[in-house]
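Reviewing the structure listed below.
Read-outs: derived from the displayed coordinates by stated rules, not from any lab. What you see is a predicted model, and the numbers here were worked out from it, not measured in a lab. Note that each Cβ is placed from the backbone with ideal geometry, even for glycine, and that neighbours are counted across all protein chains shown.
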Amino acid sequence: MTLSSGTCGQASGSLAVLRALQQALEEQGLAEKVHVRVTGCQGFCQEEPLVTIQPLDVLYCSVKPEDAAEIVAESLANGRIVERLCYRDPLTGRLVTTAAELPFFAKQDRELIGRNQFVDPCDIRDYIAAGGYAALAKVLTQMDPEKVIEEVKASGLRGRGGGGYPTGRKWEQCRVAPGCEHYVICNADEGDPGAYMDRGLLEGNPHLILEGMAIGAYAVGARQGFVYVRNEYPLAVEHTRTAIAQARELGLLGERILGTDFSFDVKVARGGGAFVCGESTALVASLEGKVGEPRPKDVHLVEHGYLDQPTVLNNVETWANVPPILLNGSGWFAAKGTEKSKGTKIFALTGQVKNTGLVEVEMGTTLREIIFDIGGGPVNGRQIKAVQTGGPSGGCLPVSLFDLPVDYEALTAAGSMMGSGGMVVMDDSACMVDVAKYFLRFLKDESCGKCVPCRLGIDRMLEILTDISEGRGRADQLGVLEELAWTMSVGSLCALGKTAPNPVLSTLRYFRDEYEAHLNERRCPAGVCQALRSYFIDPELCSECGVCLDTCPEGAIVEDRPFRIDEMLCKRCGLCEEACPAAAIRRV
Amino acid sequence: MDLTEVDSLIVNRGQDPFDILEVLHDLQARYGYLPEEVLRHVSARLAVPLIEVFRLANFYKAFSLKPRGRHLLTVCLGTACHVRGAPRMLDEVKAELGIGAGETTEDGAFTVETVNCLGACALGPVVVADGVYHEHMNPEKLRALLERLRSEDASLRAEGVGVCVQGTLGCGQDAPGGQAVVAGV
């Protein structure tokens, strides 16, 4: 049986479930016969912790410690399915007993993330049993480095970190660049808020990444690699370290790997919590023990990278794609996807959508398929209004563009970007001005301040958006926003500054009516912007129960007949709205 | 301050240029912040100019130059948490504890910090208290959590047990009882 226990799983109580399962197995005398595999994230984060049992082929969702005894007694001892723990399709009410039938999984192509369920990330034997390190063995014994690069080029693999640079070309440039040492780096500094597929991969299947890096190192002629991982991902750090130690023990890292002349080792460096370090040159500066400031891009890392030596830096998901490509051939990989975007892509589907989790789809799948067919559509009967892709560098796309395919060029043309794969769904309860303001505030904190357009541009844009959201906006400020955006996109040193205006530009482009409502009518249509909303008590619905009187921290509820709110005292926090049992308090 | 302990964390470090950051991470986890005395010592031992060490400690969010409270609350402000109401969590903290992000209560009981994303987006809004992730938070659950931490803090101090400074996010070994960093609610 497997139990998913990544960060999401553990936050949902998987460790307590594990203890309960082990105890139940012990008590019922099955401890010797049943192997409990603790895996990383299986992707359906909504319903964590997940338990699957073989050979019965059954999937249980949201398992609690108190369910353990029943699972062991029924499913393991008697081979019966515990129906109350199975997923029930909210639309049809149909009972789903196996993972394959789950609507959330059925429409995905889980080439990479699907491997997590077969692997205990802390046990290299699981990975090898699932065919791991076979690609490395094939490469080291049957292919020369040029052939590896040819194969990766032919596959059409492009960087999964957001930029989409062809991976094979990057490797080739690094290979031919002169230097005393060559290096490979795995960028696991996944700073985009709302994106966590790199965490899912590194935490759930670290050997896949290490194998990819070893193949890359062989191709470019590197002896040393680094995994630069966010310190905010404690499990990923721990699992990567364990994986490196185990691979060294088996001779899959270190001197003369698999008896060949190829030697390669990997070290883990923890990030310091700076978003800008996801930018390649800033990351390398950080690895060199300096503050993470980017440098002009005209000097390329493939020639002058870590310690001024030729360096290949790829994202976690890019590295993860390498072993299957070398094992199955470039044609297998290139058969999936669109003309210029090949293979699959993992997205972190989150926000106001029914099914949240890691979603892996073939390139070219439409946003609508991801959000409605896999994501299950809106929650609480609301209307989905937009999706934000690409994090602070990307943009918000409206429902009218949901037929766009997932493809580097298509998303960029629409004013957003692929990014690393965050996909935050927003419904009509989200205010797009507030969302744009959110990203600017984020970027203001994270801008390293080295170049002026980014440092001052973000500040100024945030000032304007704050004016707009607080009812002090002027119509001419929209033009200033566009002008600032242009200056920043041409004048900033690194991608952080160049793409910083995207959230503002895309919301201006597709949701201008919301900006205009804030400006002209001093009204926030979604009722999010605090300064522009007010509350009232509907006398028809109010039962005068007095709950709001106790809830309001400002004492703004007046106990008249009927109850009313004192506008002067009200801070518009909305606590009374949530507390009212009769739903009599409403926003306007 | 016992600097031999600092030395034990520096042993075997110094081969790679990023080791200075690794050492700072370990020290931050050990002390909950980076005391000046420790930074001076690190500078001397690793032969990195003090001004550089301070620059790193200042630049990276993972490090704090001020002591933290006995309990550390981290509010995730990632996009997914934001659209599900994370700013309300900060309002609630402000209302309950009277402090904002980056501040510590006067009695030294609580420090509140924010983080840009914990990658647990499906569970948002997320609040981490002393290394334990709390999912799907709302003002009510947060109030209950603060209440519990307060009474734990009070009873520990009544027993005269010095509550250790909590480790930062990602350093579960310093959490009381040696519990793993992430555990069920």
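Here the average projected area of the convex hull drawn through the C-alpha atoms of the range B:3-59 stands at 3.4 nm².
Pairwise inverse Cα distances across the range A:534-587, averaged and inverted, put the Kirkwood hydrodynamic radius at 10.7 Å.
Hydropathy first: keep DSSP H helices in chain A averaging at least 0.0 on Kyte-Doolittle, then drop any whose Cα extent along the axis falls short of 20 Å, and list what survives.
Within chain A the helices that satisfy the rule are A:206-220, A:432-446, A:452-469, A:477-491.
Around the amide H of A:Ile185, modelled in the peptide plane, lie the amide H atoms of A:Phe226, A:Val312, A:Leu313, A:Asn314, all under 5 Å away and 5 or more residues distant in sequence or on another chain.
Ordering A:Pro178, A:Ile209, A:Gly221 by Cα displacement along the dipole of the range A:154-298 toward the positive end leaves A:Pro178 in first place; charges were set at the Cβ atoms of Lys, Arg (+1) and Asp, Glu (-1).
Residues whose amide H falls under 5 Å from that of A:Arg158, counting only those 5 or more places apart or on a different chain, are A:Thr167, A:Lys342, with hydrogens built in the peptide plane.
Counting charges near A:Ile149 (Lys, Arg +1; Asp, Glu -1) among other residues having Cβ under 13 Å from its Cβ returns a value of 0. Placing +1 on the Cβ of every Lys and Arg and -1 on the Cβ of every Asp and Glu, with no other charges, gives the range A:300-376 a dipole of roughly 240 debye about its Cα centre. When only the Cβ of Lys, Arg, Asp and Glu is charged (+1, +1, -1, -1), the dipole of chain A relative to its Cα centre reaches about 940 debye. Highest mean first, the peptides A:361-370, A:26-35, A:40-49, A:124-133 sorted by other C-beta atoms within 10 Å per residue fall in the order A:40-49, A:361-370, A:124-133, A:26-35.
Compared with the dominant Cα axis of chain B, that is its longest principal axis, helix B:139-158 is turned about 60°. Could you work out how far the C-alpha centroid of the range A:400-447 sits from that of the range A:155-197, in angstrom? Rounded to whole Å, the Cα centres lie 23 Å apart.
Between the C-alpha center of the range A:207-278 and that of the range A:296-335 there is a gap of 14 Å. For the protein assembly as shown, dividing the convex hull volume of the Cα atoms by the residue count gives 175 Å³ per residue. Beta-bridge orientation, the protein assembly as shown: approximately 55 percent antiparallel, per DSSP, counting only bridges with both partners inside. The order of the peptides A:232-238, A:531-537 by mean Cβ neighbours within 10 Å, most packed first, is A:232-238, A:531-537.
Lys and Arg at +1, Asp and Glu at -1: add these up for the other residues within a Cβ distance under 14 Å of A:Glu369 and post the number. Neighbour charge sum, excluding A:Glu369 itself: -3.
To the nearest 0.05, how large is the calculated FRET efficiency for B:Leu46 and A:Val480 if R₀ is 41 Å and r is the Cβ-Cβ distance?
Efficiency computed from Cβ-Cβ geometry: 0.30.
If the cut-off is a Cα-Cα distance under 18 Å, which aspartates and glutamates reach A:Lys385, setting aside same-chain residues fewer than 8 apart in sequence? Partners within reach: A:Glu369, A:Asp373, A:Asp403, A:Asp427, A:Asp428, A:Asp434, A:Asp513, A:Glu514, A:Glu516.
When peptides A:220-230, A:253-263, B:59-69, A:160-170 are ranked by their average number of other Cβ atoms within 10 Å per residue, the highest-first order is A:220-230, A:160-170, B:59-69, A:253-263. The modelled label-to-label distance for the pair A:Glu463/A:Ala130, using points 7 Å beyond Cα in the direction of Cβ, is 5.3 nm. Each of A:Leu358, A:Trp332, A:Ala386 was scored by the projection of its Cα onto the charge dipole of the range A:317-395, and the greatest displacement toward the positive side belongs to A:Ala386; charges sit on the C-beta of Lys, Arg, Asp and Glu. Take each residue of peptide A:356-369, count the partner chain Cβ atoms within 10 Å of its Cβ, and average: the result is 1.
Averaged over the residues of peptide B:8-18, the number of Cβ atoms from other protein chains lying within 10 Å of each residue's Cβ is 3.
About the Cα centre, and with charges only on the beta carbon of Lys, Arg (+1) and Asp, Glu (-1), how big is the dipole of the range A:416-515? Nearest 20 debye, please.
Result for the range A:416-515 is approximately 420 debye, rounded to the nearest 20.
Coupling constants for the range A:559-567 follow from the phi torsions by the Karplus curve (6.51 cos²θ - 1.76 cosθ + 1.60, θ = phi - 60°), and in residue order they are 7, 7, 10, x, 4, 9, 10, 7, 4 Hz; glycine and proline get x. Between the alpha-carbon centres of the range B:102-134 and the range A:489-538 there is a gap of 27 Å. Going by a ≥ b ≥ c, the root eigenvalues of the Cα gyration tensor, does the range A:2-106 fall in the rounded group (a/c under 1.5), the prolate group (a/b larger than b/c) or the oblate group? Here the range A:2-106 falls in the oblate category.
Calculated translational diffusion coefficient of the range A:344-427 (25 °C, 0.890 mPa s; Stokes-Einstein with Kirkwood radius over alpha-carbon pairs) equals 201 µm²/s. Per-residue 3J(HN,Hα) values for the range A:108-118, derived from phi via the Karplus relation 6.51 cos²θ - 1.76 cosθ + 1.60 with θ = phi - 60°, read 9, 10, 8, 4, 9, 6, x, 5, 3, 6, 9 Hz in sequence order (x marks Gly and Pro).
For the range A:133-334, what class follows from the C-alpha gyration tensor (a ≥ b ≥ c being the square roots of its eigenvalues): rounded when a/c is under 1.5, otherwise prolate if a/b is larger than b/c, else oblate? Taking the square roots of the gyration eigenvalues as a ≥ b ≥ c, the range A:133-334 is rounded.
Spacing of the modelled spin labels on A:Ser400 and A:Lys571, each 7 Å from Cα toward Cβ, amounts to 4.1 nm. Remark: the range A:72-88, residue by residue, has Karplus-estimated 3J(HN,Hα) of 5, 5, 7, 6, 8, 7, 10, x, 9, 8, 8, 5, 5, 9, 7, 6, 10 Hz, where x stands for each Gly or Pro and the curve is 6.51 cos²θ - 1.76 cosθ + 1.60 at θ = phi - 60°.
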